[in-house]
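**Q** Sharing a structure here in structure tokens format.
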Amino acid sequence: VDLSYTDIGSSTNPSSYTEYGAFSPIFETGGGAKVFMSQLTDLYLAGTELRGTIPHTIINLMSSMERLAMDANALSGTLPPEIGNLLNLRYLSLPENEFTGRIPGNFGNLNKLRHLILRGNHLDGSIPESITLKENLPMLEQLDLSRQRDITGSMSATHEGIDGGLGGLLPSFSTMDNLVQ
């Protein structure tokens, strides 16, 4: 479902979505087919002016999710650790929001993940080692954590030229053979 750059969020707070259950339809097509939250594989809500937090209950209903994009909104609060339970997730894009706090360590459970884009939020703390290990994220090709409040860790000398809100020593990504960006 692609609702990117529509104005659905101008009067909508994602917290109000909690009334939907796994068997409640969230969309009905012109032909009368119903799409259930647990069946969604792709959800694009970029630039929809969504505000507030992402309800943990909604994330728990997205068991089939492969691609989730909520770029350029006004989403806030911490990143829901439940995202780390979406084991089919290949693409997670949440840049240019107002998320705070740490990156959940269980994002390292997303072993099918190819793209993790969290650029331009207000994240801080250490980068979890779990997302820097090839055995955890063997498919990872893109990791964008730029323009954050204060992310730290430790990194080998082979990773030069990293800036934009990253500070201190960063974790070593030397085993991440697929990581190209």
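**Q** What is the residue count in segment 119-141 for residues that are outside any strand (DSSP E or B), of a type in the set (A, V, I, L, M) and open to solvent by less than 30 Å² (accessible area, probe 1.4 Å)?
**A** Residues flagged as outside any strand (DSSP E or B), of a type in the set (A, V, I, L, M) and open to solvent by less than 30 Å² (accessible area, probe 1.4 Å) within segment 119-141 amount to 4.
**Q** So Leu116 ticks every box in (1) outside any loop (DSSP other than H, G, I, E, B); (2) touching a helix residue (DSSP H, G or I) at 6+ places or on another chain (Cβ under 8 Å); (3) open to solvent by 30 Å² or more (accessible area, probe 1.4 Å) but one. Which box is left unticked?
**A** (3)
**Q** Looking only at segment 45-68, count how many residues are closer than 15 Å to Asn97 by Cα, free of Cβ contacts under 8 Å to residues at least 40 places away in the same chain and buried (at least 19 other Cβ atoms within 10 Å of the Cβ).
**A** Looking only at that region, the number is 1.
**Q** While we're here: Is it the case that some residue within segment 84-102 is within 11 Å of the chain's Cα centre (by Cα) and open to solvent by 40 Å² or more (accessible area, probe 1.4 Å)?
**A** Looking through segment 84-102, at least one residue is within 11 Å of the chain's Cα centre (by Cα) and open to solvent by 40 Å² or more (accessible area, probe 1.4 Å).
**Q** While we're on this one: Among the listed residues Ser130, Ser126, Ser93, identify the single one that is modelled with pLDDT of 95 or more and among the hydroxyl-bearing types (Ser, Thr, Tyr).
**A** Unique residue meeting the criteria: Ser93.
**Q** Same structure again: Looking only at segment 20-38, decide whether some residue is surrounded by 18 or more Cβ atoms within 10 Å (Cβ to Cβ), closer than 30 Å to Glu135 by Cβ and modelled with pLDDT of 80 or more.
**A** no
**Q** Given Asp71, Asp144, Asp42, which one is touching a residue at least 24 places away in the same chain (Cβ under 8 Å) and buried (at least 20 other Cβ atoms within 10 Å of the Cβ)?
**A** Unique residue meeting the criteria: Asp71.
The values are calculated or read from the model by the stated rules, or taken from the named source; none is laboratory data. Nothing here was measured: the structure is a model prediction, and the numbers come from that model. Heads up, the Cβs are rebuilt from the backbone with ideal geometry, glycines too, and the neighbour counts pull from every protein chain shown. What goes into the accessible areas is simple: the full protein's heavy atoms, side chains included, and nothing from ligands, DNA or RNA. Shrake-Rupley method; radii C 1.70, N 1.55, O 1.52, S 1.80 Å.
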